[in-house]
Amino acid sequence: MAQAISYIRFSAHHQGRGTSVERQQDMLNNWLADHPDVPLSSLSASDLGKSGYKGDHLKAGLGDILTAIDNGQIKSGDYLLLESIDRLGRLEPLRMFELIGGIVRAGITVVTLEDNQYYTEDRINKDAGALFILAGKAQQAHEYSTRLSRRISKANTLKRQAARDGDTVKMRTHYWLENDGQIIPDRGELVRLCVDQYLRGRGPRSILKDNVAQYPELAAIHPSTLMRWFKSVALIGNWDTKGEIIKGVFEALIDEVTFWKLQARLKASSKVMSPEQKYPLSGLVNCGCCGKRFYFRRKQYKESTIVYANCSSYLKRGNCTNNKTYSMSVLNHIFESTHIPYMVTLAKGEQQGQSLDEVVAINAEIEALTLQIGNLVQVLIAIPDQTETINKLALINSERAELEAKKARIELDIKASNAPIDWFEEGAVNFDDFVQYRESGIDEITRRDALSAAGYTITIDGPIASVESTHGAKVDRFELIRRSTRHNCYLLKHTDLSGDVFHYAVGNEGCIGEVEGSLDQLLALLTSQIAES
């Protein structure tokens, strides 16, 4: 039995919001109603937003139909239903004839619903009129797209020059911008909120979910769209056009330091297997074997929920031998025992924190410029002596050199202002500074991000967890001995920066026993506690 294969296509995404698909679908439905003996095939396809001029559709939906013809799933006697010939493409006329010829030679009848024309191999070979119609439509479609492409190219060239000259340029821009490049206040507020929450460690899905009640338009936003916003230089007012960055074209939504911190965060997130960073210790616990982050997971046990962590590389691919599991309660105890000197370092001044942020931002910007330089060099290798490209290369090289010099100056300032703090040096810790910093309303996620920027990390290598002091000269060392079922806790040995040894019993709610001495003394303490209770 013959079957009908429908193919629907449009080039520009904005057409999908109009009547293009609806119109093509109505024509298809009418044909099927007039031919009830020809069922619609599941091999039907559509290419929404695929260019028929550039040939993008040949690698998508239409490509699947052509493959089905080649392997015999679409057979002689079947019908390929189109609104018009230009839905098959707006390629050069010879390429269009090759495309149509391949279809009809396989015995498939091409039906153009717009004018109710049926094209078969026999008709095209014998009916000169049909051949002329096809030739004319193919030529007309290609010429129309060529003219349109030239007009758009010329218009964009004029816009780019106007933007370089500092003139206002009107164009279809981004979600948070008007056509003249000014920020739409409520949308700008929303995007700033999303950026801030992402920098605090939230994942894109949670950002959308948690804010949709306040901003209902987020219901229509996909997480990939949010990530695309975060990568756009339009956030800082720049226009990326054909790889050329023109500055100051739009109203900036965020400052450059925040933008480049955002790019660094995006890059870091793409390299590690990690859930969204919703846990206070996410990103602060790393594997001592492979260097990857530890991945936090939840598990329901009886009536309680247990949070625990493993090396992400071990979990994802088995590429790491570090299979040790750490409970959140043990990691929290290690954290509370070691992070205070880093907090004191941060409390030495807000300016130092700003400088650390600036270094992160500069590193990301230098990396982006380095990528642009590599691309331009490849262009010059392929086509030497391009004056405009050479000038661009010189300008970007100069920008990168200035950033590297600025980074070096900031790092010198940080080094000068950040004298080493040793927890055990007399008077080294200013507790007034620490208390003021900790009681200033800082939340757990902000504290985590600040400690990460200051270099704090818990490194786990099997049963050993270690934390370097603020200047790396000494190490707090923790050994996870075992879990005690009798006492319902984990037994932990701690060798501190001065070399003193402590033993701890850590339960789900924190430390339940501590001795400066041996494991036997700790077990005796726990046993006496049980007896007393």
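A few comments on the model shown:
- Counting the residues of region 108-128 that are outside any helix (DSSP H, G or I) and farther than 28 Å from D26 by Cβ gives 1.
- The set of residues from region 1-21 being surrounded by fewer than 21 Cβ atoms within 10 Å (Cβ to Cβ), modelled with pLDDT of 50 or more and more than 28 Å from the chain's Cα centre (by Cα) comprises M1, A2, Q3, A4, T19, S20, V21.
- Checking the stated criteria, K292 turns out not to satisfy the condition of being modelled with pLDDT of 80 or more and either more than 23 Å from the chain's Cα centre (by Cα) or of a type in the set (A, V, I, L, M, F, W, C) (or both).
- Qualifying positions in region 20-37 - in contact (Cβ under 8 Å) with a residue 40 or more places away in the chain and closer than 15 Å to F10 by Cβ: R23, Q24, M27, L28
- Considering region 430-481, and only residues there that are farther than 26 Å from L492 by Cα and assigned to a loop (DSSP other than H, G, I, E, B), the residue that is modelled with the highest pLDDT turns out to be A454.
- Within region 495-524, residues that are within 14 Å of E479 (Cα to Cα) reach partners that are assigned to a strand (DSSP E or B) and among the small types (G, A, S) with beta carbons closer than 6 Å, at six or more positions or on different chains, in the pairs A505/G513.
Yes/no matrix, rows are residues, columns are (1) within 38 Å of the chain's Cα centre (by Cα); (2) surrounded by 16 or more Cβ atoms within 10 Å (Cβ to Cβ); (3) under 14 Å from A4 (Cβ atoms):
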site: L28; (1), (2), (3): no, yes, yes
site: D34; (1), (2), (3): no, no, yes
site: P39; (1), (2), (3): no, no, yes
site: L43; (1), (2), (3): yes, yes, yes
site: D47; (1), (2), (3): yes, yes, no
site: Y53; (1), (2), (3): yes, yes, no
site: H57; (1), (2), (3): yes, yes, no
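- Among the residues listed as E178, E143, the single one being at pLDDT 80 or above, more than 21 Å from V257 (Cβ to Cβ) and of a type outside the set (V, I, T): E178
- For region 109-144, a residue qualifies if it is free of Cβ contacts under 8 Å to residues at least 12 places away in the same chain and exposed (fewer than 13 other Cβ atoms within 10 Å of the Cβ), and the qualifying residues are N116, Y118, D122, N125, K126, A128, G129, F132, G136, E143.
- Residues in region 451-502 that are of a type in the set (F, W, Y) and more than 30 Å from R200 (Cα to Cα) were compared, and the one that is surrounded by the most Cβ atoms within 10 Å (Cβ to Cβ) is Y490.
- Once region 284-305 is narrowed to residues that are assigned to a strand (DSSP E or B) and in contact (Cβ under 8 Å) with a residue 40 or more places away in the chain, the residue that is nearest to H333 (Cα to Cα) is V285.
- In region 27-49, residue nearest to L88 (Cα to Cα) [restricted to those that are among the acidic types (D, E) and outside any loop (DSSP other than H, G, I, E, B)]: D47
- Filter result for S528 (of a type in the set (G, A, S), surrounded by fewer than 13 Cβ atoms within 10 Å (Cβ to Cβ) and assigned to a loop (DSSP other than H, G, I, E, B)): no
- Residue check for G61: touching a Phe, Trp or Tyr at 6+ places or on another chain (Cβ under 9 Å), open to solvent by less than 50 Å² (accessible area, probe 1.4 Å), over 19 Å from Q117 (Cβ atoms) and at pLDDT below 80: no
For (1) touching a Gly at 6+ places or on another chain (Cβ under 7 Å); (2) β-branched (V, I, T), each residue gets a yes or a no:
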{"site": "K54", "(1), (2)": "no, no"}
{"site": "I85", "(1), (2)": "no, yes"}
{"site": "G107", "(1), (2)": "yes, no"}
{"site": "V110", "(1), (2)": "no, yes"}
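- Where V104 falls short, out of the listed (1) open to solvent by less than 40 Å² (accessible area, probe 1.4 Å); (2) within 23 Å of S11 (Cα to Cα); (3) in a helix (DSSP H, G or I): (2)
The rows are residues; the columns are (1) of a type outside the set (S, T, Y); (2) open to solvent by 40 Å² or more (accessible area, probe 1.4 Å); (3) closer than 18 Å to N363 by Cβ; (4) not in a helix (DSSP H, G or I).
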{"position": "A234", "(1), (2), (3), (4)": "yes, no, no, no"}
{"position": "E251", "(1), (2), (3), (4)": "yes, yes, no, yes"}
{"position": "F259", "(1), (2), (3), (4)": "yes, no, yes, no"}
{"position": "Q263", "(1), (2), (3), (4)": "yes, no, yes, no"}
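Results for (1) in contact with a Leu (Cβ under 9 Å, 6 or more places away or on another chain); (2) under 19 Å from V104 (Cβ atoms), shown as yes or no for each residue.
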position	(1), (2)
D34	no, no
S46	no, no
K50	yes, no
H57	yes, yes
L62	yes, yes
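- Only one entry of K392, K415, K406 meets the criterion of being at pLDDT 55 or above, open to solvent by 50 Å² or more (accessible area, probe 1.4 Å) and farther than 30 Å from Q372 by Cα, and that entry is K415.
- Residue within region 86-101 that is more than 18 Å from K137 (Cβ to Cβ) and over 39 Å from the mean Cα position of the chain (by Cα) present: no
The values are calculated or read from the model by the stated rules, or taken from the named source; none is laboratory data. Here the structure is a predicted model, which is why all the values come from computation and not from measurement. All Cβ positions, glycine included, derive from the backbone under ideal geometry; neighbour counts span all protein chains shown. Heads up: the accessible areas ignore ligands, DNA and RNA and are worked out on the full protein's heavy atoms, side chains in. Shrake-Rupley method; radii C 1.70, N 1.55, O 1.52, S 1.80 Å.
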